[in-house]
Amino acid sequence: MPPKIKTNKTDIIRAATEVVRKQGASALNARAVASELNSSTQPIFSNYATMEELKADIIANAYDLYRNMIEDETSKKKYPPYKSAGMAYIRFAKEEKELFKLLFMRDRTNEPASLAYRVEPEVETLMSTTGFDLNTAERVHLAMWACVHGFGTMAASSYIDIPEEIASDILTDLFTSLTGKIKENKNEKDN
C-alpha cells in the first residue's frame with residue numbers, strides 16, 4: 001500500500017484560497033476545499049475544528065497577498081509610496097476580485113468594530129511625507145481610502161473599470177486638494 005500523503009495547513013489554505021478566487025467566499029465549504037486538494041474532507045477537519053477557523057486563515061492569507069501587491073507596486077517606483085498603496089488596492093480589486101470582496105466587502109455585523117486604518121503603514125508614510133500629525137494624517141487617509149475603495153468596489157463588482165491613468169489623476173487631484181486645504185487652514189490659524 002502506498003504511503004498516505006499528509007496534507008498540512010499550508011496546503012489547505014492554498015486550496016481554500018483558490019476556491020474563493022474561482023467561486024467566491026459563498027462557495028467555501030469543506031467539500032469544495034477537499035475537491036481542490038483532490039482529497040477527502042478528513043485532512044481539513046484534522047487541521048481545523050471549524051470552517052470559521054479556516055476562513056480566518058484564508059482572510060489572513062488574502063491580506064498577505066494584498067500587502068505583497070502593495071510592496072510590488074511600491075517597488076516599481078511609478079508612484080510615490082503613499083499613492084502606490086492606493087493604486088495597489090485598486091489593482092488588487094481588479095486582479096483578485098473575490099479575494100478583494102472577502103477582505104473589503106464582507107458583512108462585518110458580527111465582527112468587532114475595526115479601526116485598522118489607524119495603524120496602517122500608509123498613515124505613517126503620509127505623516128512622514130507631509131509632516132501631518134496623526135489625527136490629520138488619519139483624516140486624509142480616511143478620505144483617500146473612501147475614494148480608492150469606491151474605485152476598488154466598482155472594479156471588483158464589474159460595475160466599471162476605471163483606467164489606471166484616470167484613477168491616478170483623480171487620486172492626485174483629491175490628495176492635492178485635501179492636503180492644500182489643510183495647509184491653508186493651518187496657515188490661517190498661525191497668522
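The values are calculated or read from the model by the stated rules, or taken from the named source; none is laboratory data. Bear in mind that the values here come from a model prediction, so they are computed numbers and not experimental data. Every residue, glycine among them, receives a Cβ derived from its backbone with ideal geometry; neighbour counts consider all protein chains shown. With ligands, DNA and RNA removed, areas are computed over all heavy atoms of the protein, side chains included. Shrake-Rupley method; radii C 1.70, N 1.55, O 1.52, S 1.80 Å.
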Look at segment 163-177 and say how many of its residues are of a type in the set (A, V, I, L, M, F, W, C) and surrounded by fewer than 17 Cβ atoms within 10 Å (Cβ to Cβ).
2
So is Lys183 open to solvent by 60 Å² or more (accessible area, probe 1.4 Å) and either closer than 19 Å to Asn61 by Cα or in contact with an Asp or Glu (Cβ under 8 Å, 6 or more places away or on another chain) (or both) or not?
no
Tally, over segment 121-138, of residues that are more than 19 Å from the chain's Cα centre (by Cα) and surrounded by 13 or more Cβ atoms within 10 Å (Cβ to Cβ):
6
Confirm whether Ala156 is in contact (Cβ under 8 Å) with a residue 60 or more places away in the chain, surrounded by 14 or more Cβ atoms within 10 Å (Cβ to Cβ), under 30 Å from Leu54 (Cα atoms) and of a type in the set (Gly, Ala, Ser).
yes
Considering every residue within segment 105-119, establish whether at least one is open to solvent by 30 Å² or more (accessible area, probe 1.4 Å), in a helix (DSSP H, G or I) and either modelled with pLDDT of 95 or more or among the acidic types (Asp, Glu) (or both).
no
Note down all Cβ pairs under 8 Å where the first residue falls in segment 168-191 and is small (Gly, Ala, Ser), the second is surrounded by 14 or more Cβ atoms within 10 Å (Cβ to Cβ), and they're at least six residues apart or on different chains.
Ser168/Tyr79; Ser168/Lys83; Ser168/Met87
Consider only pairs whose beta carbons are under 9 Å apart and that are at least six residues apart or on different chains; among these, list those whose first residue lies in segment 85-103 and is under 12 Å from Gly24 (Cβ atoms) and charged (D, E, K, R) and whose second residue is open to solvent by 10 Å² or more (accessible area, probe 1.4 Å) and outside any helix (DSSP H, G or I).
Lys97/Ser157; Lys97/Ser158; Lys101/Ser157
Please work out which one of (1) surrounded by 12 or more Cβ atoms within 10 Å (Cβ to Cβ); (2) over 17 Å from the mean Cα position of the chain (by Cα); (3) among the charged types (D, E, K, R) is the condition Asp190 fails and give its number.
(1)
